[in-house]
Every structure is written in structure tokens, then in C-alpha cells.
Amino acid sequence: MGVTRAITSAAVLLAAVGAVEAAGSGAATAATVAANARTTRLVLTVAKGESTAPAQQRASLTCQPAGGSHKQARTACVELAKVGGRFDRLQLAGGVCTDQWDPVTVTASGRWKGRKVAYRHTFGNACTLSTTTGAVFSF
């Protein structure tokens, strides 16, 4: 009977350890999900013409804290925050441009505060891009 009791105690102990580990990994998973819900990681590109390839410029942008390879990361994050990360809502008034057709196509992909982003837009020229998007695509 002593052997049976030892085996039963060992099984209970192993089950308890497994439950603690599962709970710990569940908490870690929940923490990871919560962190991803706030994560902003974007890849931005600028291409000459109406196609997205080849991209002449490419930058990574992270926010909170601002960083990545983007040269104006902090300003770009502030401008995006003002429109809730909705690239199509960027409307910065910043100058007058000619109507010259010299298209520039931009893309943004990744996550804004956990929300998936897949943006593509062709602007009539680089001036229009700059006055509309400010620092976001200036890298």
C-alpha cells in the first residue's frame, strides 16, 4: 500500500506542476496578445510611377516608442496617431502643388496598435504626397 500511495502522490504532484506551467504559459500568452494589440510595426515604401515595384525608398516605423529606420519616426507616429492610424485620412495642409502628372505610389503594411494595415495609394506627384502625408512617407 505504501508504493501505491507514493505513486498516487507523485501523479498528483506532476498534475499540479503541469497545471501551474499551463497557467503560467496562458498568462504569458495573454500578455503577448495584449502587447500585440498595442503594437505598431509598419513597413513603408515609396515607388516612382503607378506601380509599387521597384520601391525607391523603404523604411520601418514603430511607435510607442517611436523608432525603426524611419528618419522622422516621432513626427510620423504623431501624425498617424491624429488619424487613428488610418492612412487614407491623412490630410495635412502644407502647401500648393502643380498639377504635373509624375505619379508616386506608396504602401504601408503591418500593424497599427494591433490592427492590420494594408494601404496603397498613388499620388499625382511627390509634392502632393508630401503635402498630404507630411512626415509619414518622408524618409
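The values are calculated or read from the model by the stated rules, or taken from the named source; none is laboratory data. Just so it is clear, the model here is predicted, and its values are computed rather than measured. Cβ atoms come from the backbone with ideal geometry, glycine included; neighbour counts cover every protein chain shown.
Points worth noting:
- All positions within region 124-139 that are of a type in the set (S, T, N, Q) and either within 10 Å of residue 105 (Cα to Cα) or touching a Gly at 6+ places or on another chain (Cβ under 8 Å) (or both): 125, 130, 131
- Residue match in region 98-119 (condition: under 11 Å from the mean Cα position of the chain (by Cα) and either not in a strand (DSSP E or B) or not assigned by TED's automatic domain parsing to the domain that holds residue 46 (or both)): yes
- Pairs linking a residue in region 66-89 that is touching a residue at least 24 places away in the same chain (Cβ under 8 Å) and assigned by TED's automatic domain parsing to the domain that holds residue 134 to a residue that is assigned to a loop (DSSP other than H, G, I, E, B) and among the charged types (D, E, K, R), with Cβ atoms under 7 Å and 6 or more positions apart or on different chains, are 85/113.
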